[in-house]
Amino acid sequence: MATKIRLQRGGRKSYAFYSIVIADVRAPRDGKFTEKIGTYNPNTNPATVDLNFDRALYWVETGAQPTDTVRNILKGEGVYLMKHLRGGVKKGAFDEAEAQKRFDAWKNGADQKVSAVRDAEAKAKKEAAAKELEAEKKMNEAIAKKVADKKAAQAAAQAEAEAAATAEETPAEDAPAEA
């Protein structure tokens, strides 16, 4: 049976979420599969991959052919590097401990890159929120100033109207008294 390592789509419309599965070549995309070895969420930055590393390595070494996207995911997780290192161990170029040491060094570097991207994303999001807050504060101050000016103008107009009304009432009260 020819097997493929491929993505099986899930999630809602416009928000894809994928399972990484081992399936027969003839099976439909979202149909029957042999084994689920992980998940892939492209909606986060960077994309989130949860992979059963040992099973993925087993299937790659067994001969399962990944699709292009899955191949990139597996390379990013280090499955192909570990396959390469195991080939070196079988040939006698180095031992298992050296292979694991090389893989761990690569994995640490890859993890640092991912964490740097996540930190930069979080920092940019925090700065954008701070800028929005500052802009909102300035707008609120401008609105408060307009409201205060409008109230002051209304109070001045009302005081002026009251002064005019009292000025008109005073002569009117004096006139009937004289008559």
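The values are calculated or read from the model by the stated rules, or taken from the named source; none is laboratory data. Remember, it's a predicted structure, so these values are computed and weren't measured experimentally. A quick note on method: Cβ atoms are made from the backbone with ideal geometry, for glycine too, and the neighbour counts reach across all protein chains shown. Please note that ligands, DNA and RNA were not included when accessible areas were found on the heavy atoms of the full protein model with its side chains. Shrake-Rupley method; radii C 1.70, N 1.55, O 1.52, S 1.80 Å.
For region 120-130, the condition of being part of a helix (DSSP H, G or I), out of contact with any strand residue (DSSP E or B) (no Cβ under 9 Å at 6 or more places or on another chain), aliphatic (A, V, I, L, M) and closer than 30 Å to ALA23 by Cα holds for none of the residues.
Take the conditions (1) under 30 Å from ALA116 (Cβ atoms); (2) at pLDDT 95 or above; VAL21 misses just one of them, which is (1). The residues of region 1-28 that are basic (Lys, Arg) and either under 13 Å from PRO66 (Cα atoms) or part of a strand (DSSP E or B) (or both), listed by number, are LYS4, ARG6, ARG9, ARG12. Can you find a residue that is free of Cβ contacts under 8 Å to residues at least 12 places away in the same chain, open to solvent by 80 Å² or more (accessible area, probe 1.4 Å), within 28 Å of ASP119 (Cβ to Cβ) and touching a helix residue (DSSP H, G or I) at 6+ places or on another chain (Cβ under 8 Å) anywhere in region 72-79? Among the residues of region 72-79, at least one is free of Cβ contacts under 8 Å to residues at least 12 places away in the same chain, open to solvent by 80 Å² or more (accessible area, probe 1.4 Å), within 28 Å of ASP119 (Cβ to Cβ) and touching a helix residue (DSSP H, G or I) at 6+ places or on another chain (Cβ under 8 Å), which makes the answer yes. When region 102-134 is examined, which residues are found to be more than 28 Å from ASN41 (Cβ to Cβ) and surrounded by 13 or more Cβ atoms within 10 Å (Cβ to Cβ)? Of everything in region 102-134, just one residue is more than 28 Å from ASN41 (Cβ to Cβ) and surrounded by 13 or more Cβ atoms within 10 Å (Cβ to Cβ), namely ARG102.
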